[in-house]
Amino acid sequence: MRKLGIIGWVCVGMIVVGLGLRVASVGWNWFIHGDVQIDASAGATLVTYGKLMGVEEGQPLLLEPTQPLAQHGPVWAVMGAGLVRLMGWEGTVENAFFALRLLSLLSGIAVVALSFAVAKQFLNEEDAWVIAACLSLSYLLIDYSGNGALYSLQTVFYLLWVLLMRREDWKWRAVSIGLLDGVSYLMNFQSIILLPASVLGLLLLSRSHWKRRVVDCAIVAACALAVASPWFIRNAMIFGDPLYSHYINQIYVFIKAGVPPLANGRYEPSIAEWFSILWGMIHTWLPNNLYYVSRKLLVILPIVFPFAAYGLLDYVFSWSRLRKMLPIVLVLGFHTLLSVAWPVAKFRYLVPMLPFVLLIAFEQMGILQIRSGVRHIVIGMTLAAFAGVAFLTYHSVPTHTYYYDGAITQDAFHGTQEKDFVRDNGYFPRPR
Amino acid sequence: MKFSPPILRRVLQCLLAAAFLFTLIEGVVLRLT
């Protein structure tokens, strides 16, 4: 901090401004976006009826217990319901949504704090301040700290996982990683990537005997399964299939891949159809989505993203650097792979990537041995660029919301989905 | 010429530079991504 001087205080100032914008973001997001309605409805029905139920699409604010929750895991909705109960509020969808916005605010603040902690451990304190400042003023993270979506908490879980992986000598490491994997999975099924990341991380990073490593992997798998099993049992009892949530989410893939349903309405692809899905995934979805994610990161992580890209490339040729950064690379790699293999890489999938891309970018900057003066100019320009992009994004959409992308740059469909959503639903100007 | 990792690294670095250039021209400048 002392070494950084003026830039250090600029970072502190940006972090304070970022925290203020996060609080404001809870106010800007007074209307509900996309999948958040699933969690808000489930939270409300849990408070009111004692059951996690879904909601009919297009009726986001009706408290109608129409179908049991399946598309999302239960953790985020249960947390929202818990806060509603704790505050003694009525079990309405509006209240559950407000509770989720408060939880996303807490998660968003935790993302900045934990990123600072991870950066301090993997890099140094100077870089940690700059990374925290950049994340603090990232408009994507500001919006997701107030819109009630679960992606900020997913980022928190990823960062906690990285910190746990570093605690090699802690005897409860494998158990805590397993429990975290299980809870993360039930919070967002996408977080299942922590399981293969845990196995690879434990096998490759540990200094202990290989038998110990295999036992640790088994402990992680057993703990994660123990946490997830009540959800599997509940789904088996309600739907007759413990993995029904995955079936529901796969339907999206089947529809996008053009696989027709059977006469009874169920989807049961043949082996040939599975291969056709796999081919489409590798041939079409993956490259297109990877390109979308890359050019998006180029804009929302101005100046620093090319450093991260070159850093990742250099890791291929340097095991010592890769080993040092392995937990970060594993989380980022698996999360990105799952996101881009999905038919459409949603804008929200970028939220958990940001801290990890920044960490790799600053590790690369450190390796390049840039002269101190030049380095401070680059850092100053980066901070200014983050502030500039946040300013432009804020002014791009009248409601200052950013859930669907399409503000200052195009969304995944080359459109302006957030602006269209706001306009089509008459959310601007805000009703008094 | 021996095909060694340093050469491969340079080739990949050049490809990455080309990819960024392409993205800047095609994505940012022409279509604002």
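The values are calculated or read from the model by the stated rules, or taken from the named source; none is laboratory data. Everything quoted here is computed from the prediction, not taken from an experiment. Glycine gets a Cβ as well: all are built from the backbone with ideal geometry, and neighbour counts include every protein chain shown.
Quick notes on this structure:
- Scanning the range A:305-320 for residues that are free of Cβ contacts under 8 Å to residues at least 12 places away in the same chain and among the hydroxyl-bearing types (Ser, Thr, Tyr) returns A:318, A:320.
- Residue within the range A:397-417 that is out of contact with any Lys or Arg (no Cβ under 9 Å at 6 or more places or on another chain) and either closer than 30 Å to residue B:6 by Cβ or not in a loop (DSSP other than H, G, I, E, B) (or both) present: yes
- Some residue of the range A:345-366 being β-branched (Val, Ile, Thr), in a loop (DSSP other than H, G, I, E, B) and away from every other protein chain (no Cβ under 14 Å): yes
- Residue A:144 vs. criteria hydroxyl-bearing (Ser, Thr, Tyr) and over 23 Å from residue A:378 (Cβ atoms): yes
- Residue A:266 falls short on exactly one of the conditions (1) within 11 Å of chain B (Cβ to nearest Cβ); (2) of a type outside the set (Phe, Trp, Tyr); (3) farther than 21 Å from residue B:13 by Cβ, and that condition is (1).
- Restricting attention to chain B and to residues that are part of a loop (DSSP other than H, G, I, E, B) and not hydroxyl-bearing (Ser, Thr, Tyr), the residue that is modelled with the lowest pLDDT turns out to be B:1.
- Across the range A:162-178, the qualifying residues are those that are crowded, with 24+ Cβ neighbours inside 10 Å and among the hydrophobic types (A, V, I, L, M, F, W, C), and the one among them that is nearest to residue A:209 (Cα to Cα) is A:174.
- Of all the residues in the range A:128-154, those that are under 11 Å from residue A:386 (Cβ atoms) and of a type in the set (Phe, Trp, Tyr) number 1.
- Candidates in the range A:87-115 are the residues that are among the hydroxyl-bearing types (Ser, Thr, Tyr) and in a helix (DSSP H, G or I); of these, the one that is nearest to residue A:36 (Cα to Cα) is A:104.
- Residue A:398 passes every criterion in (1) in contact with a Pro (Cβ under 9 Å, 6 or more places away or on another chain); (2) farther than 19 Å from residue A:122 by Cα; (3) crowded, with 18+ Cβ neighbours inside 10 Å apart from (3).
- Condition check for residue A:335: crowded, with 17+ Cβ neighbours inside 10 Å, out of contact with any Leu (no Cβ under 8 Å at 6 or more places or on another chain), away from every other protein chain (no Cβ under 14 Å) and assigned to a helix (DSSP H, G or I): yes
- Matching option when the condition is surrounded by 24 or more Cβ atoms within 10 Å (Cβ to Cβ), in contact (Cβ under 8 Å) with a residue 60 or more places away in the chain and either acidic (Asp, Glu) or farther than 27 Å from residue A:399 by Cβ (or both), among A:181, A:143, A:127: A:143
- Any hit, the range A:292-312, residues being assigned to a helix (DSSP H, G or I), away from chain B (no Cβ under 12 Å), within 20 Å of the chain's Cα centre (by Cα) and not charged (D, E, K, R): no
- Members of the range A:253-295 that are among the polar types (S, T, N, Q) and more than 29 Å from residue A:409 (Cα to Cα): A:264, A:270, A:276
- Considering the range A:163-273, the qualifying helices (runs of 4 or more DSSP H), each wholly inside and each with 1 or more residues that are of a type in the set (Lys, Arg), run over A:173-187, A:210-239, A:244-256.
Conditions (1) under 30 Å from residue A:363 (Cα atoms); (2) touching a helix residue (DSSP H, G or I) at 6+ places or on another chain (Cβ under 8 Å), marked per residue:
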residue	(1), (2)
A:259	no, yes
A:268	no, no
A:281	no, yes
A:288	yes, no
A:293	yes, yes
A:302	yes, yes
A:307	yes, yes
